[in-house]
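Worksheet: the structure to be examined is printed underneath.
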Amino acid sequence: MAVTPAVLLRAALSRMRHTTGLPVLFAGALSTNGTVRLTELSGTRTDALRGLAIRAGHGLGGRVLVTARPDSVDDYTADARISHEYDKPVSAEGLRAIAAAPVVVGETVSCLLYGGIREPLSLGARVLDGMGTIAIRLSVELAVRAEVERRVAELETAAITRAARRPPGPGREPEWEQLREAHAELRSIAREITDPALRDRLQSVCDRLTSPDGGPVPHNPLSPRELDVLSLVAVGCGNAEVARRLGLSPETVKSYLRSAMRKLGTHTRMETVVSARRAGLLP
């Protein structure tokens, strides 16, 4: 199953339940019209909150959208600090005390996380701190996902135009080197992705970039990790830099290089890179 924003939101609500103990949880993501639409509900008794569009400056969530800071109210419908456009659905669900936390990606609030109870009580700093920590974790997950999607789209475009399969002619060497850098970076990212569907998509792009003239992927005697190491060596990374990017020790990097040399019948780093490129294993 692909890790979509909805899946990440549901996982965040699950963590919130464990961390805060709040019985009612709900969340939504920023829409193209600038509102946050509530789509994920947990522990609710009605559908009164489902699909509700939260606008900046309106209600508790709208206040959090503007301030980009967690906030709470002890008794929603009686609180004088917020506007009350959403009193009807909140009352229909029977909620009194509510906390909201923003999920900030870049400089924009991209999602809102809510938790509440059906009594007029102070939720306290522990709840707000816990929700804030979960919101930060979700912001990192969403940022990583967005960057991976951007890189995939970029490299898919390169694969479609077959830039990687044309020999570098006059004036095209910078483009060629940029493509090799992107290929190496993509392989590094792919090793960290836990979503199998997205990881397979990343691997498919790598294969298309190295497949000659769109033909079948050549036989690859190298292990995925050996190819990861070699792709970074190919763009000029030393062993220490390769180790840093891949989360390995320098000695492990050396071991992978020796293994790749043995399999390709080469004796030096660059000879191994050249051999891998000739075999269609690297762009």
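Per the listing Arg10, Arg15, Arg45, the residue uniquely part of a helix (DSSP H, G or I), surrounded by fewer than 20 Cβ atoms within 10 Å (Cβ to Cβ) and touching a residue at least 40 places away in the same chain (Cβ under 8 Å) is Arg15. Considering the range 106-148, the residues that are of a type in the set (S, T, N, Q) and touching a strand residue (DSSP E or B) at 6+ places or on another chain (Cβ under 8 Å) include one that is farthest from Asn33 (Cα to Cα), namely Ser122. The set of residues in the range 239-267 that are modelled with pLDDT of 90 or more and part of a loop (DSSP other than H, G, I, E, B) comprises Ser249, Gly265, Thr266, His267. Look at the range 115-128: where a residue is farther than 17 Å from Phe26 by Cβ and a partner is open to solvent by 40 Å² or more (accessible area, probe 1.4 Å) and acidic (Asp, Glu), sitting 6+ places away or on another chain with Cβ atoms under 8 Å, you get Pro120/Asp74; Leu121/Asp74; Ser122/Asp74. Kindly indicate the residue of the range 72-84 that is in contact with a strand residue (DSSP E or B) (Cβ under 9 Å, 6 or more places away or on another chain) and not in a helix (DSSP H, G or I) and also most open to solvent (accessible area, probe 1.4 Å) among those meeting that condition. Ranking the candidates gives Arg81 first. Of all the criteria given as (1) touching a helix residue (DSSP H, G or I) at 6+ places or on another chain (Cβ under 6 Å); (2) among the hydrophobic types (A, V, I, L, M, F, W, C); (3) crowded, with 21+ Cβ neighbours inside 10 Å, the one not satisfied by Leu60 is (1).
The values are calculated or read from the model by the stated rules, or taken from the named source; none is laboratory data. Worth saying up front: this structure is predicted, and the values here are computed from it rather than measured. In this analysis, Cβ positions are derived from the backbone assuming ideal geometry, glycine residues included, and neighbour counts consider all displayed protein chains. Surface accessibility is based on the protein's heavy atoms, side chains included, excluding ligands, DNA and RNA. Shrake-Rupley method; radii C 1.70, N 1.55, O 1.52, S 1.80 Å.
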